[in-house]
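The values are calculated or read from the model by the stated rules, or taken from the named source; none is laboratory data. In this text the structure is predicted, and so the values were computed from the model without any measurement. Methodologically, a virtual Cβ is constructed for each residue, glycine included, from the backbone with ideal geometry; neighbour enumeration extends over all protein chains shown.
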Amino acid sequence: MTKVCIYKLVAFLVFLMFLSHHSSGQIKQDYLIYSSLKGNLGNYYGGGITLDLIHKNKYSFGIGFYEHDKKPGNLPTDYKKGALSLLTMGEGVARDNVQSVSLTLGRVFLSKSNSGIRYNLKAGVTYSVSKTPANWVKLNESGGLLSMENYSYNYKKYREIGIIINPTIDIPLFKFLGFSVGPYSFLNLKTISYGIEITTIIGCVKR
């Protein structure tokens, strides 16, 4: 389900970027529109994809999807994920997982060096669905190449409204490509994630 959501969001972003490319001259002059492919590393690991809009190099707006994972805090000490997890790209491994949709607003400040570098001070709201494994039951271990996890469990799910804080330094390298870096924080009642974000920005990233 997560991969399907990502594919749909990517297609949606490509469609919006196509529209922006063929929009009127006034819109092109006033707005920068681009997509951001994000990698996050902190107490959780994961990434996301966002659609970002900057108006007259002063204000920013973004909408995006994120997914973050980490090792469960209640993981049994003798838990084994099994060799089969290598064939499933880790999909069958117990983990804490948080999927979030975000909406951000920000204030943009341009660098005085005329290099195109900008400081995007943005924050906003998130809707998150988090899940964590529970009710662990020890299983008989099976060896060999197709060995599986040695515990069964189910997931408890939580739905939360939270806050995202995500100031970045945007560095457009070319008209249609650049990168950005900065800290991020997702603040919910049950889950808090934070760390460093490195992003590739693609689209109309500078004039």
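Residues being surrounded by fewer than 21 Cβ atoms within 10 Å (Cβ to Cβ) and in a strand (DSSP E or B): count how many of those fall in the range 39-51.
Adding up the residues that qualify gives 8.
Which residue pairs have Cβ atoms closer than 9 Å, lie 6 or more positions apart in sequence or on different chains, and pair a first residue in the range 178-207 that is within 17 Å of Gly62 (Cα to Cα) and part of a loop (DSSP other than H, G, I, E, B) with a second residue that is modelled with pLDDT under 95 and of a type in the set (S, T, N, Q)?
Qualifying pairs under 9 Å: Cys204/Ser20.
For residues in the range 149-199 being charged (D, E, K, R) and out of contact with any strand residue (DSSP E or B) (no Cβ under 7 Å at 6 or more places or on another chain), which is nearest to Trp136 (Cα to Cα)?
Applying the first criterion (charged (D, E, K, R)) to the range 149-199 yields 149, 156-157, 159-160, 170, 175, 190, 197.
Then drop every residue that is not out of contact with any strand residue (DSSP E or B) (no Cβ under 7 Å at 6 or more places or on another chain), which leaves 149, 175.
Details: Glu149: 11, Lys175: 52 Å.
Per the criteria, the residue is Glu149.
Limited to the range 169-185, what total is found for residues that are among the β-branched types (Val, Ile, Thr) and either crowded, with 16+ Cβ neighbours inside 10 Å or at pLDDT below 95 (or both)? Spell out how you get there, then give the answer.
Of all residues in the range 169-185, those among the β-branched types (Val, Ile, Thr) come to 169, 171, 181.
Subsequent filtering for residues that are either crowded, with 16+ Cβ neighbours inside 10 Å or at pLDDT below 95 (or both) retains 171.
Final tally of qualifying residues: 1.
Scan (1) touching a Leu at 6+ places or on another chain (Cβ under 9 Å); (2) within 19 Å of Gly73 (Cβ to Cβ) for the single condition Lys122 breaks and write down its number.
(2)
Which of the residues that make up the range 150-192 are polar (S, T, N, Q) and more than 16 Å from Gly64 (Cα to Cα)? Give the derivation first.
Quick first cut of the range 150-192, residues polar (S, T, N, Q) only: 150, 152, 154, 166, 168, 180, 185, 188, 191.
Listed by number, the residues that qualify are Asn150, Ser152, Asn154, Asn188, Thr191.
Considering each residue of the range 98-129, count those that are of a type in the set (Gly, Ala, Ser) and surrounded by fewer than 14 Cβ atoms within 10 Å (Cβ to Cβ), and give that number. Break it down into steps so the answer makes sense when it comes.
Quick first cut of the range 98-129, residues of a type in the set (Gly, Ala, Ser) only: 100, 102, 106, 111, 113, 115-116, 123-124, 128.
Restricting the remaining residues to those that are surrounded by fewer than 14 Cβ atoms within 10 Å (Cβ to Cβ) gives 111, 113, 115.
Number of matching residues: 3.
When the range 166-195 is examined, which residues are found to be within 21 Å of Arg118 (Cβ to Cβ) and either among the small types (Gly, Ala, Ser) or under 13 Å from the mean Cα position of the chain (by Cα) (or both)?
Asn166, Gly178, Ser180, Gly182, Pro183, Tyr184, Ser185
Give the residue, chosen from Asn150, Asn188, Asn166, that is modelled with pLDDT under 90 and on the phi < 0 side of the Ramachandran plot.
Just one listed residue meets the conditions, Asn150.
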